[in-house]
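Everything on this sheet refers to the single structure shown next.
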Amino acid sequence: MLKYLTKAILLLSLIWGASSVSVSAEEAQRAKLQGTIDAALDVIYSDCCASLSDEEKQAKVRQTIEASYDLDVIIRRAIGRNWGVLSPREQGEVLELVKQLVLKAYVKGLKGKGRPQVTLGEVTTTSEGRMEIESKIFLDGKTFYVLYRLRKMQSGWQIYDIVAENVSVVSNYREQLDDHFRKGTGAELITRLKELLQQDEINEDTKI
Amino acid sequence: MNNRSIEFFVGCFVLVGLAAVLYLAIQVGGARFFGSDRYTITARFSSASGVNPGSRVEIAGVRVGTVKEVVLNERFDAIVTLELPNSLELDEDTIASVKTAGLIGDRYINLSPGGGMPMEPGYEIVDTESALDIESLISRFALGGIDEKSE
């Protein structure tokens with residue numbers, strides 16, 4: 001009897017241990033994401049970085065994000081099956097240019113605006129090795145709902161998609177890139193990305 | 001012609017008739033003797049409003065399959081079962097979106113294949129985009145937004 005009781009207690013402790021590990025993993029990812037978002041916003045809004053130029057701010061934001069997440073994951077996913085169309089040199093160049101473009105849009109987009117308040121909500125494990133973190137962003141009197149999708153990879157938990165108001169960033173850019181690759185090449189994509197980087201205005205209407 | 005030959009021909013006629021009825025039943029019922037030529041996967045949406053069994057499944061505007069079933073799971077997510085041909089190979093990075101044909105047209109599921117690992121039959125797509133709720137968008141943006149009042 002005592003033997004069975006010991007086994008039952010051991011089993012229960014294992015189950016409890018496994019569930020608490022999962023809960024703490026979710027909480028850890030939530031805290032990591034909140035920390036990264038706050039640190040990236042600090043670059044734009046805190047006094048310590050006020051004297052930095054836009055380019056310096058972009059570099060600092062990039063450093064902050066890349067300390068926690070691999071930006072390549074989300075960009076490669078947006079490129080999708082067209083990744084194989086690009087040569088290894090083009091792959092590297094596209095990754096770099098898209099990163100620069102995203103960071104430029106981030107810094108320019110928030111310039112002159114009030115600091116957005118980002119509140120992270122529920123963390124949901126959608127399947128094994130995947131979770132979603134809900135967030136609410138209050139900016140200039142408006143509320144936006146953004147969902148961060150994370151996946152456990154060899155390099156740890158990585159953001160692989162961001163869904164803003166039910167529109168997936170990866171799906172949106174994949175559609176544009178698919179359209180490009182139907183009639184264009186990798187070299188033409190690089191030229192287009194360089195053109196976009198030269199433009200002063202990058203907003204939601206900017207298309208690849 | 002003796003009685004034995006007549007019986008033989010009648011027997012053959014009956015057998016041919018039975019074979020024809022069996023063939024018809026198989027064709028109408030869509031049954032397969034050597035496995036199905038279709039497989040099913042599921043997609044989990046926060047809202048599958050307007051999607052019904054029989055709705056189209058498209059890739060790049062081309063119909064590739066059909067919605068077989070729409071049910072609710074224990075977390076109140078909509079689970080949509082998609083029936084696709086075996087010849088269609090999808091990957092785990094595929095994104096499923098609920099789209100509308102035109103402004104007020106039928107709802108359908110659009111699949112956007114990625115470039116990841118091949119998807120096995122029975123796979124559940126969790127990377128989905130639910131239908132855009134036009135009424136909600138109008139109330140939030142055109143009419144000043146309901147969130148600001150409640151915040």
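What follows draws every value from the coordinates through simple rules; no lab data is involved. Worth saying up front: this structure is predicted, and the values here are computed from it rather than measured. Here Cβ is always computed from backbone atoms with ideal geometry, including for glycine, and neighbour counts include all displayed protein chains.
Observations, loosely collected:
- Rounded if a/c under 1.5, otherwise prolate or oblate - segment B:1-100, Cα gyration tensor axes: prolate
- Only helices enter this figure: runs of n ≥ 4 DSSP H residues, each worth -39500 (n - 2.57), summed and divided by the residues of chain A, yield -19500 deg cm²/dmol at 222 nm to the nearest 500.
- Integer Hz, Karplus 6.51/-1.76/1.60 couplings in order for segment B:63-71, x for Gly and Pro: 5, 10, x, 9, 6, 8, 7, 10, 9
- Comparing segment A:2-198 with the 2.2 N^0.38 Å rule of thumb, its C-alpha radius of gyration ratio is 1.25 (two decimals).
- Here r is the Cβ-Cβ distance between residue B:12 and residue B:63 and R0 is 51 Å; the resulting FRET efficiency, rounded to 0.05, is 0.75.
- Compared with the dominant Cα axis of chain A, that is its longest principal axis, helix A:186-198 is turned about 80°.
- Charge tally in the Cβ shell below 12 Å around residue A:77, where Lys, Arg are +1 and Asp, Glu are -1, residue A:77 excluded: -2
- Under the criterion of Cα pairs below 8 Å and six or more residues apart, the relative contact order for chain A equals 20 percent.
- Cβ-to-Cβ counts within 10 Å put A:52, B:103, B:18 in ascending order as B:103, B:18, A:52, the fewest first.
- Amide H to amide H distances under 5 Å link residue A:70 with A:159, where only residues 5 or more positions off or on other chains count and H is placed in the peptide plane.
- Extension gain for the segment residue A:66 to residue A:51, taken as residue separation times 0.36 nm less the Cα-Cα distance, is 3.2 nm to one decimal.
- Each label point was placed 7 Å from the Cα along the Cα-to-Cβ direction; for residue A:191 and residue A:172 their separation is 2.7 nm.
- Under DSSP loop assignment and at most 11 Cβ neighbours within 10 Å, longest GluC sites (Glu not before Pro)-free interval of chain A: A:1-127
- Structural descriptor for segment B:38-131: relative contact order 37 percent, calculated from alpha carbon pairs under 8 angstrom and at least 6 residues apart.
- Computed from Cα atoms, the angle from the helix A:169-183 axis to the main principal axis of chain A rounds to 50 degrees.
- For B:80, A:167, the sequence from fewest to most other C-beta atoms within 10 Å is A:167, B:80.
- Neighbour-count order for A:125, B:128, fewest beta carbons within 10 angstrom listed first: A:125, B:128
- Modelled spin labels at residue B:75 and residue B:21, positioned 7 Å past Cα toward Cβ, are 5.1 nm from each other.
- Other-chain or far-sequence residues with amide H under 5 Å of residue B:114's (modelled H): B:91, B:93, B:94, B:95
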